[in-house]
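The values are calculated or read from the model by the stated rules, or taken from the named source; none is laboratory data. In this text the structure is predicted, and so the values were computed from the model without any measurement. Here the Cβ is made from the backbone with ideal geometry for all residues, glycine too, and neighbour counts use every protein chain on show. All accessible areas refer to the heavy atoms of the entire protein, side chains included, with ligands and DNA or RNA removed. Shrake-Rupley method; radii C 1.70, N 1.55, O 1.52, S 1.80 Å.
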Amino acid sequence: RFLNRNAGAPPNLQAGGNSEAHKHTIYQGKESVMSQSYEVIFENNRKWLEQKKQQYPDYFKELADGQNPEYLYIGCSDSRVAAEGMMGLEPGEVFVHRNVANLVHGLDLNAASAIEYAVSHLKVKHIIICGHYNCGGIKAAMKPQDLGSMNPWLRSIRDVYRLHQEELDAIEDGHLRYDRLVELNVQEQCLNVIKMACVQERYLLDGYPIVHGWVFDLRTGRLIDLNIDFKNILADIQKIYDLTDSEWVVNARKKAD
Ligand code: CO
């Protein structure tokens, strides 16, 4: 199931050497390894679809019919955090949006579109922001340094640090401080989701979606629920960010009464 990166690697891959001729053979060796690691995906795919069809002949017909997921999952792009796998869910059960360090910016149209679609059209019941310990994005943001085009992205993590600087600076152990920033970042991204009009409107009309904050501990494989107090946070947020005054929402509420 997993890529075997070393399968069939020619021995000259391990060899050193500086001559042009040698470089040429090294390049060719890499090319064959490259094509193997690429082709294996299609081999895996054939095996996977055969297995699915054997278990359930109508599997792909039903997948093609449409989706009705209960969850929107917003997580990190990190290759070690596999959304469906760790939740034990199958294709069709979770709508997924991933980016570096699981951020939800006000100006990020990509995240905003995924959330709007999941909430207003798919009508998901739960929105999950899932961070993870050992997150490279969080680690990068903890170091004060110029990382070029990644600066604007990392800045919002640095903003989370600044918002919670007192608490974080009081943690002497660097690893624990790193873990805590992962958690606080999830918490802040939950707030960012709760600030959105579509989330507030649907919740007012339907009683969902509920926003949850999780951390995946890849050292143990466990999912940790940070038990975000959605109702209280929403009430607090709405003192400043209440966006439920649209005419259609007011009318829908009148109709329901
Ligand atoms: Co990460």
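In the set (1) open to solvent by 80 Å² or more (accessible area, probe 1.4 Å); (2) within 16 Å of the ligand (Cβ to nearest atom); (3) over 27 Å from residue 221 (Cα atoms), residue 166 fails one condition alone, (2).
Scanning the range 83-115 for residues that are within 14 Å of the ligand (Cβ to nearest atom) and at positive phi yields 101, 102.
Quick one: is residue 227 among the polar types (S, T, N, Q), closer than 18 Å to residue 74 by Cβ and open to solvent by 60 Å² or more (accessible area, probe 1.4 Å)? Yes.
Where residues in the range 118-150 are of a type outside the set (A, V, I, L, M), open to solvent by less than 50 Å² (accessible area, probe 1.4 Å) and more than 16 Å from the ligand (Cβ to nearest atom), which of them is nearest to residue 212 (Cα to Cα)? Once the filter is applied, the top-ranked residue is 120. If I filter the range 120-129 for residues that are over 26 Å from residue 220 (Cα atoms), touching a Lys or Arg at 6+ places or on another chain (Cβ under 8 Å), at pLDDT 95 or above and in a loop (DSSP other than H, G, I, E, B), do I get at least one hit? Checking the range 120-129: at least one residue is over 26 Å from residue 220 (Cα atoms), touching a Lys or Arg at 6+ places or on another chain (Cβ under 8 Å), at pLDDT 95 or above and in a loop (DSSP other than H, G, I, E, B). Residues that are closer than 28 Å to residue 221 by Cα and of a type in the set (D, E, K, R) are absent from the range 103-118. Taking the criterion of being within 15 Å of residue 140 (Cα to Cα), without any contact (Cβ under 8 Å) to a residue 40 or more places away in the chain and hydrophobic (A, V, I, L, M, F, W, C), the only residue of the range 155-178 that qualifies is 160. The single condition among (1) touching a residue at least 40 places away in the same chain (Cβ under 8 Å); (2) open to solvent by 20 Å² or more (accessible area, probe 1.4 Å); (3) of a type in the set (A, V, I, L, M) that residue 115 does not meet is (2). Scanning the range 77-93 for residues that are in contact with a Leu (Cβ under 9 Å, 6 or more places away or on another chain) and more than 26 Å from residue 53 (Cβ to Cβ) yields 78, 80, 81.
Which of (1) within 16 Å of the ligand (Cβ to nearest atom); (2) closer than 16 Å to residue 191 by Cα; (3) within 12 Å of the chain's Cα centre (by Cα) does residue 80 not meet, given it meets every other one? Tallying (1) within 16 Å of the ligand (Cβ to nearest atom); (2) closer than 16 Å to residue 191 by Cα; (3) within 12 Å of the chain's Cα centre (by Cα), residue 80 fails exactly one: (2).
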